[in-house]
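Below is one structure; the comments refer to it alone.
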Amino acid sequence: MTEAFGPYYSRMLIAVVPPRILGLITRNRFEKAQIEAERIAKSAERDFGNLHPTTHYALSALGVVLASKCDYTDAARVFRKALAGREKTKDPDSPEVEGSLSNLGLMLLRTRDYPGAVECYLRVIDIRRKRLPKGHPGIASAMIDAGFAYKGLGELKKAEAMYSRAVEIAEKACPRGHYDVTVALDGLARTRMASGARVKNVLPLLLRARENVKLSDDPDDATSTRLHVSLARAFGAAEDLAASIDSWREALRTAARNFPPNDPWIIRIETGLGLALAEADKLEEGIEHLGNAAVASRISRGRESPKTVVAEFRLETVKIYLLHRLEEVRKTLAAGRAPHDVEKDLTKAGVPEPLRNRLLAMRWLTPETGGPGIPDDPYMKPSEKPKAGWDAVGPRAAPPQSSPGRAARKARKILADRERELGPGHEDTIKAGVALGHALLSERRADEAMESYGMAREAAVKSLGPRSHAALGSELCYRLAYFVRHTQQN
């Protein structure tokens, strides 16, 4: 039978799975289910051989267990083995071959083998066109899967063509509220957004999908969660910040029902909502959600994960911006005051150490204290004009440049002069190294900016100490460059 498996990714055609194994999967007893499935598969191979249908069904059941455990690579290997056997014994257009192709295609999607997934789903479409009448919803389902694979491959025109045809078929052949109608509309909208389409051409598709979800048997399922994420990003791009926040809230409400705590989707939604709230100047509430995202990322990905570093940087940046808005903190950070007194008063005010360090670092960077200034980058603080939740819509591509611009060349010369005159460990030399990083970062040369900030940080730690303002300031800039690079690449 065909049933949903991993919404927004694929439908999985499951062969005959023994009730005992199915029961173990339902109760999340995956290890025991795998032992039982492996025992059955080995017995079938021993008793019937590799080309017998019983062996193929046993291998498919084992693949389902491995997929349920998220062992996608092993599941792909097992499904490929079942497919090879069926191709030798069955008609190439048989339902059994189609089922193995669907199963294998899903696993290849999960392992990001998009070329292999495209090949599988194109064969599925071809088989269904031969076996099913024109305009059958089963053809639309296969086109949705192929569209997702093409999008992963970066072939957006082919993905859009698949989704467009799937929308035409699904809206005619499927009842209102059907899963495939929602997924096809959302997939088409996402693909057009990725292609740079204007928001006014994307929002109507998403609004149609939202109306369709309301008519489904379960309007709060995972399909609804992902659709509201798309709506939140589209509304943000359209500068309708209130509607974007409402969509993020709806996505979070349904995500809590459909995903376990600390799931990547929960983290993504908490982050999007937090950034949108920060854009709307609701900083305290935004900090709460960004904090939830950072904690969940630490638990699920680990403290050293690049995504955790980015999540914590976002949180600290918004916290710092909030503190700067407070009058008493601004007075405490006044340029004329001694650094020791500033730190003492921040501690007395209850500012946590990580934020205290960041504030002291930013104070060291300001021109009023002789610093090179704070990097002029849109990720550092909320913009005056609402956007799509800061970086919620997607990464900004770095412009291709063959060599540093005039500002970077001038900053590099100043740094060389300071190193020659004052030595690499002098505070003014360190500030010149940070200024060079600023110039490189403004040109979106994040890798080179990281190198410049990193050298300044090493020199500051060695000559002035790890808790010096120079070390803290260069560390802050290094993290910003890391954040920008990670956002551009992902």
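The values are calculated or read from the model by the stated rules, or taken from the named source; none is laboratory data. Only a predicted model underlies this, so the values are computations on that prediction, with no experimental measurement involved. Note that we place each Cβ from the backbone using ideal geometry, even for glycine, and neighbour counts take in every protein chain shown.
Odds and ends about this structure:
- Comparison of Glu458, Glu448 shows that the only residue that is in contact with a helix residue (DSSP H, G or I) (Cβ under 8 Å, 6 or more places away or on another chain), surrounded by fewer than 24 Cβ atoms within 10 Å (Cβ to Cβ) and either touching a residue at least 24 places away in the same chain (Cβ under 8 Å) or over 24 Å from Arg406 (Cβ atoms) (or both) is Glu448.
- Some residue of the stretch 409-423 being closer than 17 Å to Ala361 by Cα and assigned to a helix (DSSP H, G or I): no
- Residue check for Asp113: within 29 Å of the chain's Cα centre (by Cα) and crowded, with 18+ Cβ neighbours inside 10 Å: yes
- Number of the condition not met by Ala256 [criteria: (1) hydrophobic (A, V, I, L, M, F, W, C); (2) buried (at least 16 other Cβ atoms within 10 Å of the Cβ); (3) under 20 Å from Thr223 (Cβ atoms)]: (2)
- Neighbours by Cβ (under 6 Å, 6+ apart or cross-chain): first from the stretch 348-375, of a type in the set (Gly, Ala, Ser) and at pLDDT below 80; second loosely packed, with under 15 Cβ neighbours inside 10 Å and part of a helix (DSSP H, G or I): none
- For the stretch 97-111, the count of residues that are modelled with pLDDT of 90 or more, not hydrophobic (A, V, I, L, M, F, W, C) and not in a helix (DSSP H, G or I) is nonzero.
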